[in-house]
Every structure is written in C-alpha cells, then in structure tokens.
Amino acid sequence: GEIHCYSGCVTIREGIPHLFYTSVGTGDRGPKTGAQQWSAVSYDGMRTWERKGMPAIPESLHGDRKIEMWRDPFLWQEDGGWYAVLGGTEDQKGCLLLYYSDDLEHWEYLNKIYESETYWLVECPVMLPLGGDRYLILYSPLDAVHYMTASLNRRSWTLEVEREGIFDHSIL
C-alpha cells in the first residue's frame, strides 16, 4: 500500500541502523490526512532493510488533534532516549510536533512545540541540540529553508524562539 516515501532519517541503536520515514499510499493514506511514520532496520550494513511495526509513530498519539500533512521525522538521541520532531499543519498553520521514546518502538507525543504565524505548512524539520535546552531548528515552509534558535521549555514542551530567519533562499 505504499506508493510514496517522504524524507526521514537514520539513527543507530546498539549498532543497528534504524530508518524512520513518512509513508504515503492511496485513498485514505494520501499525503494530506493519511501519511504514516514507518520504520525499518538493517542488519547487513544498510544494504537491505526490514520493516518494523507499522506505523512506527502512530497518529493516534495526537488524540483529538487534527494534524494534516504530517511528515519528515528527524530523530536524535538525548537524555538516555530518543526524540523525534515532525512537521505538519494544524488549523491551516504550519507546526512542529515533538515525540519521545526510550526504545525507538514505543512513542509518546509530547506537544506541538511550534506554530507558524506565516506559513500553512512546515516540513523537513531538523532539531540540533546546542547544549542545555537550546536548539538550532531548520525547517522548510515551501519557499526557503528557515532557521531558528530556541530554548525548549520541558515543562510545557514548547519552543521559546530566540532568533529566526532564512538559512537558504532555495531556487524556485
């Protein structure tokens, strides 16, 4: 049922590469409301991949939130576990969503950490720890690659943006 794959990333757990990416199918698995986050592992140096439980990060974690265009997982290891940030749209505003897992198999939705006041879609997020609770975040709202530096408030699981701008104007 998979006809498209959107971006994702690979992380290593106990020497084994784990791939996370967005899978899109037909009908109710279309990109607007049916994209899923899938995973696969490789035991032969990334020559072949074996899919793991689908979906890897279930949309049901959002509860009543209606997230559309949900895509492009980026994972990193921190604090003894893994975090994942994904982009999407909620109420016609681009947003970033944050998740946590101890084992790359069971995920917890932490919160919508960012909402754009300008763009209807935020995709391809990358969230790089700078030390402490500060991060460099890169994302694409379709017209260019943007950046922001922000502190992550771990009580409310929201970003407190310090600075933002255009990282790369792209070629459209």
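When each of ASP102, ASP133, ASP91, ASP168 is tested for being modelled with pLDDT under 95 and among the acidic types (Asp, Glu), the lone residue that passes is ASP168. Filtering segment 65-85 to residues that are open to solvent by less than 40 Å² (accessible area, probe 1.4 Å) and either part of a loop (DSSP other than H, G, I, E, B) or free of Cβ contacts under 8 Å to residues at least 12 places away in the same chain (or both) leaves only ILE67. The set of residues in segment 121-143 being over 12 Å from the mean Cα position of the chain (by Cα), of a type outside the set (Ser, Thr, Tyr) and crowded, with 16+ Cβ neighbours inside 10 Å consists of LEU121, PRO141.
ASP103 meets the conditions (1) open to solvent by less than 80 Å² (accessible area, probe 1.4 Å); (2) of a type outside the set (Val, Ile, Thr); (3) touching a Leu at 6+ places or on another chain (Cβ under 8 Å) in every case but one. The failed one is (3).
The values are calculated or read from the model by the stated rules, or taken from the named source; none is laboratory data. Fair warning: this is a prediction, and the values are worked out from it, not measured in the lab. Neighbour counts run over all protein chains shown; Cβ positions are idealised from the backbone, glycine included. The accessibility values were calculated without ligands, DNA or RNA, using every heavy atom of the protein model including side chains. Shrake-Rupley method; radii C 1.70, N 1.55, O 1.52, S 1.80 Å.
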